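Here's the structure, in structure tokens; my notes come after.
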Amino acid sequence: MAASTLSSPTTRTRSIVYWTATVLIAAELGVGGVWDIARIPYVRDLVVHLGYPTYFLVLLGVWKILGAIALLIPGRPVVKEWAYAGTFFVYTGAIASHLTERYAVGEVAVLTVMTVLTVLSWALRPPSRRPGPAVR
């Protein structure tokens, strides 16, 4: 009984950090996805300057919105794994693009924080949000 009492604050803290990171990521993906699909001038100009075609924004935006949904809904742990991987690739790819083009380098800090939050959310996710052992 004493062991479960001692682990309770740790479990609660872990849950708070997990949900905080997850909600922040999902919110950024959701808002960013809508902005991408709408091709708002700021985002469009940024993407063009980085060398990507504007139609890429629609594809990226749809996947961001789907990723945000996947991270928040219950169940579907394999889909969540794909969403985490895609999110990680989006943020690290954006970091590489910004650094390579030396454009809007100030955004690298924000992108780095989002990458860290993605890894934190992935690492702290509860067992119910993790895929089980592979079926052979």
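The values are calculated or read from the model by the stated rules, or taken from the named source; none is laboratory data. No experiment lies behind these values; they were computed from the predicted model shown. Reconstructed Cβ throughout: ideal geometry from the backbone, glycine too, with neighbour counts over all protein chains shown. All accessible areas refer to the heavy atoms of the entire protein, side chains included, with ligands and DNA or RNA removed. Shrake-Rupley method; radii C 1.70, N 1.55, O 1.52, S 1.80 Å.
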Inter-probe distance in nm under a simple model that places probes 7 Å from Cα toward Cβ, at residue 39 and residue 59: 1.5 nm
Cα-based Rg and Dmax for the stretch 29-75, where Dmax is the largest Cα-Cα distance (Å): 11.5, 39
DSSP H segments from the chain that extend 18 Å or more along their own axis, Cα-based, with Kyte-Doolittle mean of 1.0 or above: 55-72, 107-124
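Over all alpha-carbon pairs in the stretch 44-127, figure out the percentage whose distance exceeds 14 Å.
Details: 2325 of 3486 pairs.
Of all Cα-Cα pairs in the stretch 44-127, 67 percent lie more than 14 Å apart.
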Accessible area per residue, Å², the chain with all protein chains present, probe 1.4 Å: 63 Å²
Rounded percent of accessible protein surface that carbon and sulfur make up, the chain, 1.4 Å probe: 73 percent
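Quick one: length gained pulling residue 66 to residue 16 fully straight, 0.36 nm per residue minus the C-alpha distance? Let's see the in-between values first.
Details: separation 50, 0.36 × 50 = 18.00 nm, distance 2.33 nm.
Gain on extension, residue 66 to residue 16, equals 15.7 nm.
By how many nm would the segment from residue 49 to residue 85 grow when fully extended, if each residue of separation counts as 0.36 nm and the alpha-carbon distance is taken off? Don't skip to the end; give the middle numbers.
Working: separation 36, 0.36 × 36 = 12.96 nm, distance 2.54 nm.
Extra length from residue 49 to residue 85 when fully extended: 10.4 nm.
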